[in-house]
1. Only one residue in A:ASP64, A:ASP49 is free of Cβ contacts under 8 Å to residues at least 24 places away in the same chain and under 17 Å from the mean Cα position of the chain (by Cα), so which one is that?
2. Considering only the range A:81-112, state which residues are away from chain B (no Cβ under 14 Å), surrounded by fewer than 23 Cβ atoms within 10 Å (Cβ to Cβ) and touching a strand residue (DSSP E or B) at 6+ places or on another chain (Cβ under 6 Å).
3. May I ask you to list the residues in the range A:89-126 that are under 14 Å from A:PHE72 (Cβ atoms), assigned to a strand (DSSP E or B) and among the basic types (Lys, Arg)?
4. If I filter the range B:32-54 for residues that are more than 12 Å from chain A (Cβ to nearest Cβ) and β-branched (Val, Ile, Thr), do I get at least one hit?
5. Among A:ASP195, A:ASP220, A:ASP208, A:ASP173, which is the only one that is surrounded by fewer than 22 Cβ atoms within 10 Å (Cβ to Cβ), in a loop (DSSP other than H, G, I, E, B), charged (D, E, K, R) and under 18 Å from the mean Cα position of the chain (by Cα)?
6. For the range A:350-390, what are the residues that are of a type in the set (Val, Ile, Thr) and closer than 13 Å to A:ILE36 by Cα?
7. Please specify each residue of the range A:296-345 satisfying the condition of being polar (S, T, N, Q), surrounded by fewer than 20 Cβ atoms within 10 Å (Cβ to Cβ) and touching a Phe, Trp or Tyr at 6+ places or on another chain (Cβ under 8 Å).
8. Scan the range A:355-393 for residues that are farther than 23 Å from A:PHE80 by Cβ and more than 14 Å from every other protein chain (Cβ to nearest Cβ) and report the count.
Amino acid sequence: MRTEAIVLGVGLLLAGALPAAACQLGGLRGTGDLGIVVERAAGRVQVIDTTARTSLCTVAGLGDLSHASAVFSRDGRYAFVFGRDGGLSKVDLLKGEVVKRIVQAGNSIGGAISSSGRLVAVSNYDPGGVRVFDSRTLDLVADLPAAGADGAPSKVVGLVDAPGEVFVYALYDAGQIRHADFSDPTAPVVRTFEDVGLQPYDGLITPDGRHYVAGLFGEDGLAALDLWHLEKGVVRILDGYGRGEEPLPVYKMPHLEGWAAAGDLLFLPAVGRHELLVVDRDGFEEVDRIEVHGQPIFAVARPDGREVWVNFAHPDNGVVQVIDVPSRAVVAELEPGEAVLHLEFTPRGSEVWVSARDSDRVVVYDTASKERLAAIEAATPSGIFMTARAHRTGL
Amino acid sequence: MRLSAILLFAGLALPAAADAPEADRQAELLHRLRHDCGSCHGMTMAGGLGPALLPAALEGRSDEELARIVLDGVPRTPMPPWRFEITEDEALWLVGRLKEGLDED
């Protein structure tokens with residue numbers, strides 16, 4: 001008995017260095033400074049406190065979290081975590097526990113939450129299509145298959161939420177963009193835009209919720225849809241941005257996210273090139289190209305729009321570069337660790353959290369001084385998602 | 001002397017088998033497989049934007065053909081060539097691990 005107590009005591013001391021198994025938040029608190037870090041190989045998330053720059057606890061049992069992402073309930077209390085294995089888990093950040101978990105498909109890639117917060121949509125690779133759930137119960141609301149013109153099922157990518165209970169997504173195999181209006185959740189209206197280009201691989205919606213842009217892997221160019229004028233259809237933008245140049249092999253697909261907007265400009269990763277494309281949001285004209293360290297994966301604007309922070313594909317993925325928006329010059333280069341997968345700014349941009357997968361840590365930087373403020377241990381960390389996303393369109 | 005002769009003989013008896021990488025390199029290759037190849041094929045190789053690479057999916061395809069895909073990629077698809085950092089022997093070894101199935105961990 002005595003021995004067990006001692007062993008337990010030692011165990012607790014050792015555990016003190018690591019996040020506790022269950023959240024002990026104690027008393028009332030808000031969630032505006034909370035978030036999660038995905039530990040992809042362990043099937044867990046850490047709940048983080050961005051004010052204290054610490055991990056509060058881990059929540060396990062979330063399945064295969066490779067390429068996992070999350071959205072948040074509008075009260076900022078629950079994270080909806082989308083796993084690669086088709087799992088959709090609703091995690092209570094305050095209690096540090098899984099409220100409900102369903103496996104809704106064989107293989108999925110991401111999700112979105114509707115503007116009202118009532119519907120959670122998941123995009124699937126297998127069997128393809130989009131499934132929409134009630135965010136309170138995770139009960140199925142609608143199943144939207146995604147077959148192309150030839151009837152073959154298509155993988156769905158680039159799923160985003162848009163104003164008015166709308167979800168927009170792209171069909172990788174079928175080369176389509178679809179607009180699903182759930183203003184009546186019992187009778188969704190789906191509009192299809194065909195022949196948007198070869199192999200759309202991801203999509204973004206601008207922070208105002210007006211323009212949806214899908215990146216194309218199979219050709220140089222992007223496809224844009226003005227959600228205020230669906231009747232105008234999808235237009236091609238930056239057509240042939242790399243014409244005449246041989247693209248490099250791509251060791252990781254770039255990601256497009258609404259974070260790429262800084263003021264009137266969008267900063268988009270060029271596929272197969274060591275460049276960021278700078279695009280004017282009004283006319284979707286190319287304004288500039290910025291040469292960077294490697295093939296960009298995420299280009300994320302600091303919330304004030306003054307800087308864009310960029311990470312890169314393998315094998316150049318040990319570096320984060322900072323681009324000054326007014327001068328469009330690289331002004332800082334940071335080395336948070338090996339295999340930098342993701343970065344997320346605190347809600348108003350004073351600090352940024354960066355995950356270094358192969359160094360098993362997440363590093364926090366001051367975005368003004370670029371000084372390293374803290375490092376948190378995490379097992380193969382990938383995505384970092386903060387609750388402020390609950391109040392933004394398309395994230 | 002005697003021992004090395006036996007090893008030499010054993011080596012000659014298996015001309016088709018690729019030289020297995022050193023243990024450290026094996027661990028590195030498996031890590032790459034799960035996490036870098038896994039960004040398209042899934043960490044468990046169950047597929048993603050790229051096809052599944054589970055044993056059943058690879059049945060009937062030769063080691064050499066699969067290793068060539070790893071090394072040279074597949075044109076007009078996102079599959080890139082890995083020859084710049086993976087040798088032919090290493091590619092064959094990885095194909096062997098995929099055909100066996102990766103451990104659950």
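The values are calculated or read from the model by the stated rules, or taken from the named source; none is laboratory data. Remember, it's a predicted structure, so these values are computed and weren't measured experimentally. Here Cβ is always computed from backbone atoms with ideal geometry, including for glycine, and neighbour counts include all displayed protein chains.
1. A:ASP64
2. Passing the criteria: A:LYS90, A:ASP92, A:GLY96, A:VAL98, A:VAL99, A:LYS100, A:ARG101, A:ILE102, A:GLN104.
3. If the condition is that a residue be under 14 Å from A:PHE72 (Cβ atoms), assigned to a strand (DSSP E or B) and among the basic types (Lys, Arg), then A:LYS90 is the only one that fits.
4. no
5. Going through A:ASP195, A:ASP220, A:ASP208, A:ASP173 in turn, the sole match is A:ASP208.
6. A:VAL354, A:VAL362, A:ILE376, A:ILE384, A:THR387
7. none
8. At the first step, the residues of the range A:355-393 found to be farther than 23 Å from A:PHE80 by Cβ are A:356, A:358-361, A:363-375, A:377.
Subsequent filtering for residues that are more than 14 Å from every other protein chain (Cβ to nearest Cβ) retains A:361, A:363-375, A:377.
Summing the residues that are farther than 23 Å from A:PHE80 by Cβ and more than 14 Å from every other protein chain (Cβ to nearest Cβ) in the range A:355-393 gives 15.
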